[in-house]
Each structure stands twice: as structure tokens, then as C-alpha cells.
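Enquirer: This is the structure I have questions about; it appears just below.
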Amino acid sequence: MKVSVVKADNYNIEIVDKAVNDAVNLIGGWQNFIKKGDKVLIKPNMLTNVTPEKAVTTHPEVVRAVIKAVKNMGALPAVGDSPGISNLKSTAKRTGILRICEEENVPFVYFKQSKAYNYMEGRFIKQFELVDCLSDFDKIISVAKMKTHVFMGVTGAVKNLFGCIVGTDKARFHLRMQKHIDFAHVMVDLYQTIKPTLNIIDGITAMEGQGPMSGDVVDAKIIIASSDGFAADLIMADKMGLDAEAMPIAAAGIEEKRIIRLKDIKVVGDGKDEQFHFAKPHTYKSMQDTYVPKFILKLGQNQLTSKPVINKNCVACGRCSHHCPPKAITIIDKKVNIDYQKCIRCYCCQELCPHQAVDLKDGLILSLLKYIGIYK
């Protein structure tokens with residue numbers, strides 16, 4: 001299995017175009033993935049309506065490069081996504097992706113309606129409710145963003161496909177799969193259901209720390225490509241300086257014997273020796289995933305987990321309250337209140353807050369366990 005890592009200094013059109021094409025050529029060339037007449041869905045990361053400079057979403061110039069390459073193969077590209085929050089059209093505009101689609105004269109597909117897709121081999125989910133138009137396409141290309149993630153450790157090619165679940169339907173998966181590893185198994189099932197033909201990760205600017213939305217921008221200056229999304233994500237996490245195979249989605253795939261191991265991946269390209277030391281997210285693990293008995297966890301949840309805490313940046317916009325899966329957040333007199341007995345520690349509030357107003361604070365016992373090295 002090959003994964004290419006190609007250097008790209010910035011988002012200049014020519015530089016991005018060359019980097020994306022070089023990355024794909026190193027793993028076999030576009031002709032191995034796209035055929036003339038194919039209907040191709042390009043799936044970027046469009047988490048919310050922020051500008052590309054925030055490194056929250058896939059940069060529009062990377063999307064443009066993929067569009068042009070697909071066109072050159074005589075295929076028919078379209079771009080689509082469904083952010084978990086924000087108006088879809090305003091998100092497409094502000095991220096610059098709608099403008100790129102208009103300039104390249106390709107349709108932007110608004111993910112609005114769902115239908116059932118069966119995957120009987122799934123470990124946790126045997127039927128997904130995904131965007132209805134997915135089956136209209138012959139090929140799917142995941143064009144992700146290189147970021148850390150407070151719940152999944154990292155978010156890349158595989159997690160990017162979560163956007164094929166329409167809008168707020170995403171919240172029910174957090175309710176059903178409250179353990180990090182269980183949610184990760186769902187992502188494995190989701191990837192196998194959709195089976196993208198090609199996976200490209202925009203790491204020209206990336207995100208470290210409290211990703212996928214509230215972290216800090218890193219100029220990694222690379223593009224990653226692979227036919228296998230798990231392999232692409234393993235190399236991405238490894239380049240970030242993280243324990244790649246310990247990331248929840250990778251760990252779930254390894255447990256299920258569905259993904260290749262890091263040692264079996266051949267890395268090619270002029271960026272193959274690049275190495276970074278990304279700041280880790282505050283937590284991507286949970287005491288729910290450890291040996292702690294459930295009755296103890298229930299009694300001491302506040303002290304055994306990292307809990308979301310509202311800071312002074314809060315403007316009481318209501319986004320966290322509206323999108324909280326267990327409805328643990330209320331706003332009274334412009335003050336946000338969190339019911340920690342209802343809170344499932346999915347960290348959606350931290351992930352989706354546009355004002356970076358949610359911090360994650362370790363409970364006293366969890367802090368002690370980390371300090372003495374029992375839990376890391």
C-alpha cells in the first residue's frame with residue numbers, strides 16, 4: 001500500500017494543482033481511479049461557515065485542483081457536503097467552496113435528504129441513513145483537512161465521511177455510541193459503506209491542539225493521497241507526531257482486522273521525510289474506554305472525565321445548546337448552564353463553538369491519575 005506525501009508551500013493555484021496531481025500520480029495516476037464519463041462526488045470538509053484561513057475546512061484551491069483533474073479525465077465532477085451546524089449555503093459561500101464550483105462550472109450538491117444504505121458486514125451499524133444522492137455517483141473522493149480532534153484524536157479522510165450523514169442526524173450517533181472506541185467502530189463501518197475511490201488530505205495549513213475547530217493553525221505544507229483512507233490517516237497522524245495506531249479510528253480498524261498497519265505502508269513523495277510535533281488535543285480518550293467499572297464511573301463521572309466548561313468568550317449564541325446531543329445545555333438570562341449528569345462528554349459543544357468559549361477541564365481524580373501515570 002502506497003501513501004504519497006508531497007510538499008506545497010502555499011495555496012497558489014499552480015502550486016496546489018501541481019502538488020495534488022503529483023500526489024495522485026505517485027500512487028498510480030488519475031487513470032487508476034477515474035474513468036471517462038464517471039459521475040464523481042468530491043467530498044470536502046465543510047465543518048462550519050468560517051474562512052479558509054482558519055484551517056477548519058478544506059481549502060477551496062485544493063477542491064479546485066481535484067475538480068480540474070476529474071474534468072481532465074473526461075468525468076463529471078460535483079461537490080457536496082452537510083455541515084453539522086450552520087446554514088449549508090452560507091457555509092459553502094464563506095469557505096470559498098461555492099465560489100470555486102461556480103468558477104469551474106460544476107454543481108454544488110446540497111445534502112438535505114437521506115435514504116437507507118445497507119452494510120450487513122458492519123460491526124455496529126448495518127444500515128446507515130446517508131444523503132440520498134450518494135448512490136447517483138460512480139466514484140467518491142474524500143478531500144479532507146489535516147486536523148487534531150478532541151473526540152477522535154485526529155480527523156482526516158475517514159472521519160470526513162461523517163458529513164455524508166445529513167445535518168443534525170449526526171447527533172444521534174453520539175447518543176448511541178458514547179464511548180470513543182464505539183464511535184470509532186461506527187466510522188470504520190461508515191467508511192466501508194461509502195468506500196471512496198480516492199482520499200486526499202489538505203495539510204498545507206493544518207490544525208493542532210483543540211481541533212477540529214478551536215485549535216491553532218500549523219503550516220505543515222503537505223498534501224497526502226492514498227487509495228485507502230485508513231492508510232492516509234495513519235500517515236497523517238504519524239507525520240503529526242502522534243501515536244498513529246492508537247488513534248481511536250485506527251485502533252478500531254486494527255481490532256477488526258480491516259486496515260493495514262503503519263509498518264506495511266510505503267510512503268513516497270518529496271514530503272515523505274517531513275515530521276511535525278503537533279500539540280495534542282486536550283483529550284481524545286475517556287474513562288469510559290478503560291478498566292474503570294461502570295458503577296464507579298457513574299458515581300464519579302465529574303471527577304473521572306474531562307468536562308466542558310464555559311469561558312469568558314461566550315456570547316450566549318445558543319449554538320451549543322441547539323446541537324448538544326443529550327440536551328444537557330440550557331441558556332437562562334444569557335448564561336450557559338451545563339447539566340453534567342446529562343453530559344455524555346462527546347465535546348460537540350467545544351467542537352462547534354464559533355467563539356472558542358468552551359474549555360475542557362479534567363476532574364480531580366482524572367488529573368491525579370494522569371499525574372501519577374496510570375492514565376495518559
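Enquirer: Please find, in a Gaussian network model of the chain (springs between Cα atoms separated by less than 10 Å), the residue of K68, K280, K145 whose mean-square fluctuation is greatest.
Expert: Among K68, K280, K145, the largest GNM mean-square fluctuation belongs to K68.
Enquirer: Taking the Cα centre of each part, how many Å lie between segment 186-202 and segment 26-67?
Expert: Each part reduced to its Cα centre gives a spacing of 14 Å.
Enquirer: Whole Å is fine, so just give me how far the alpha carbon centre of segment 136-155 lies from that of segment 330-348.
Expert: Between the Cα centre of segment 136-155 and that of segment 330-348, the gap is 28 Å.
Enquirer: I would also like to ask the following. Can you list residues from other chains, or at least 5 along the same chain, whose modelled amide H is less than 5 Å from the amide H of I125?
Expert: Under 5 Å from the amide H of I125: no residue qualifies.
Enquirer: What percent does the relative contact order of the chain come to when contacts are Cα pairs within less than 8 Å and at least six residues apart?
Expert: On the way: 813 pairs, mean separation 67.4, N = 376.
Worked out over the chain, it gives 18 percent.
Enquirer: Here is a further query. Which value, in Å², gives the accessible area per residue of segment 180-234 when a 1.4 Å probe is used on the protein heavy atoms? Walk me through the intermediate numbers first.
Expert: On the way: 1050 Å² over 55 residues.
About 19 Å² of surface per residue is accessible.
Enquirer: Send over the Kirkwood Rh of segment 17-79, from the inverse of the averaged 1/r over different Cα pairs, rounded to one decimal Å. Before the final figure, lay out the partial values.
Expert: On the way: mean 1/r = 0.0799 Å⁻¹.
After inverting the mean inverse Cα-Cα distance, the result is 12.5 Å.
Enquirer: Of all the C-alpha pairs in the chain, what % are more than 28 Å from each other?
Expert: 42 percent
Enquirer: With θ set to phi - 60°, apply the Karplus curve 6.51 cos²θ - 1.76 cosθ + 1.60 along segment 146-155 and write out the HN-Hα couplings as whole Hz, x wherever there is a Gly or Pro.
Expert: For segment 146-155, the Karplus-derived couplings read 7, 8, 7, 8, 5, 9, 10, x, 9, 10 Hz, x marking Gly and Pro.
Enquirer: Additional query: Largest first and in whole Å, what are the equivalent-ellipsoid semi-axes of segment 1-126 based on the Cα gyration tensor, each being the root of 5 times an eigenvalue? Can you show the working numbers first?
Expert: On the way: eigenvalues 110, 91, 49 Å².
Equivalent-ellipsoid dimensions as semi-axes: 23, 21, 16 Å.
Enquirer: Let me ask another. Quick one: among P326, P44, P248, which has the greatest mean-square fluctuation in a GNM of the chain with alpha-carbon springs under 10 angstrom?
Expert: Comparing P326, P44, P248 in a Gaussian network model of the chain, the most mobile one is P326.
Enquirer: Report ³J(HN,Hα) in whole Hz for each residue of segment 327-335, in order, from the Karplus equation J = 6.51 cos²θ - 1.76 cosθ + 1.60 where θ = phi - 60°; Gly and Pro get x.
Expert: 3J(HN,Hα) across segment 327-335, in whole Hz: 6, 8, 10, 10, 10, 10, 6, 6, 10.
Enquirer: Efficiency by 1/(1 + (r/R0)^6): what FRET value for D136 and Q31, r their Cβ-Cβ distance, R0 = 22 Å, to the nearest 0.05?
Expert: FRET efficiency, D136 to Q31: 0.45.
Enquirer: Moving on to the next point. Can you figure out the FRET efficiency of K334 with D359, using R₀ = 22 Å and their beta-carbon distance, to the nearest 0.05?
Expert: Numbers: r = 19 Å, r/R0 = 0.87.
It comes out at approximately 0.70.
Enquirer: Connecting C-alpha atoms closer than 10 Å in a GNM of the chain, tell me which of T155, T197, T57 has the biggest fluctuation.
Expert: Maximum among the listed residues: T197.
Enquirer: Tell me which residues come under 5 Å, amide H to amide H, from K147 once H is placed; ignore anything under 5 positions away on its chain.
Expert: Long-range HN contacts for K147: T155, M207.
Enquirer: Could I ask something else about it? Relative to the longest principal Cα axis of the chain, at what angle does helix 13-25 sit, 0 to 90 degrees, rounded to 10?
Expert: Compared with the principal axis, the helix lies near 90 degrees.
Enquirer: FRET efficiency for H322 and K266, Cβ-Cβ distance as r, R0 = 30 Å, nearest 0.05?
Expert: Numbers: r = 45 Å, r/R0 = 1.51.
Efficiency computed from Cβ-Cβ geometry: 0.10.
Enquirer: Taking every eigenvalue of the Cα gyration tensor of segment 98-142, multiplying by 5 and rooting it, what semi-axes result, largest first, whole Å? The partial results should precede the final answer.
Expert: Details: eigenvalues 156, 25, 15 Å².
Semi-axes from the Cα gyration tensor: 28, 11, 9 Å.
Enquirer: Structure shown: which of K93/K257; K7/K280; K334/K361 lie over 30 Å apart, alpha-carbon to alpha-carbon? Can you show the working numbers first?
Expert: Values: K93/K257 40 Å; K7/K280 23 Å; K334/K361 22 Å.
Long pairs (Cα-Cα over 30 Å): K93/K257.
Enquirer: With a sphere of radius 10 Å drawn around the Cβ of D22, what net charge do the other residues whose Cβ falls strictly inside it have (Lys, Arg +1; Asp, Glu -1)?
Expert: Local charge sum for D22: 0.
Enquirer: In nm, to one decimal, how far is the H277 label point from the Y110 one, both placed 7 Å along Cα→Cβ?
Expert: Simple spin-label model gives 4.8 nm for this pair.
Enquirer: While we're here: What per residue convex hull volume, in Å³, comes out for segment 14-53 when only alpha-carbon positions are used?
Expert: Values: hull volume 4.7 nm³, N = 40.
Hull volume normalised by residue count: 117 Å³.
Enquirer: Please give the length that would be gained between N72 and N313 if that part of the chain were fully extended, namely 0.36 nm times their separation in residues minus their C-alpha to C-alpha distance (nm, one decimal). Display every interim value, and only then the final one.
Expert: On the way: separation 241, 0.36 × 241 = 86.76 nm, distance 4.69 nm.
Between N72 and N313, full extension yields an extra 82.1 nm.
Enquirer: Kirkwood Rh, Cα Rg: Rg to Rh for segment 62-156? Provide the component values of the computation, followed by the final result.
Expert: Working: Rg = 15.1 Å, Rh = 15.3 Å.
Here Rg/Rh amounts to 0.99.
Enquirer: Whole-Hz Karplus ³J(HN,Hα) for segment 265-277, in order, using 6.51 cos²θ - 1.76 cosθ + 1.60 and θ = phi - 60°, x for Gly and Pro?
Expert: Going residue by residue, I get 9, 9, 9, 10, x, 6, x, 5, 9, 5, 8, 10, 10 Hz, with x marking Gly and Pro.
Enquirer: Could I ask something else about it? Which aspartates and glutamates, if any, have their Cα less than 15 Å from the Cα of K89, not counting same-chain residues under 8 positions apart?
Expert: Leaving aside aspartates and glutamates fewer than 8 places away in the same chain, those within reach of K89 are D81, E102.
The values are calculated or read from the model by the stated rules, or taken from the named source; none is laboratory data. Remember, predicted model here, so these are calculated numbers, not experimental data. Don't worry about glycine lacking a Cβ; one is built from the backbone with ideal geometry, like all the others, and counts go over all protein chains shown. For accessibility, only protein heavy atoms count, side chains too; no ligands or nucleic acids. Shrake-Rupley method; radii C 1.70, N 1.55, O 1.52, S 1.80 Å.
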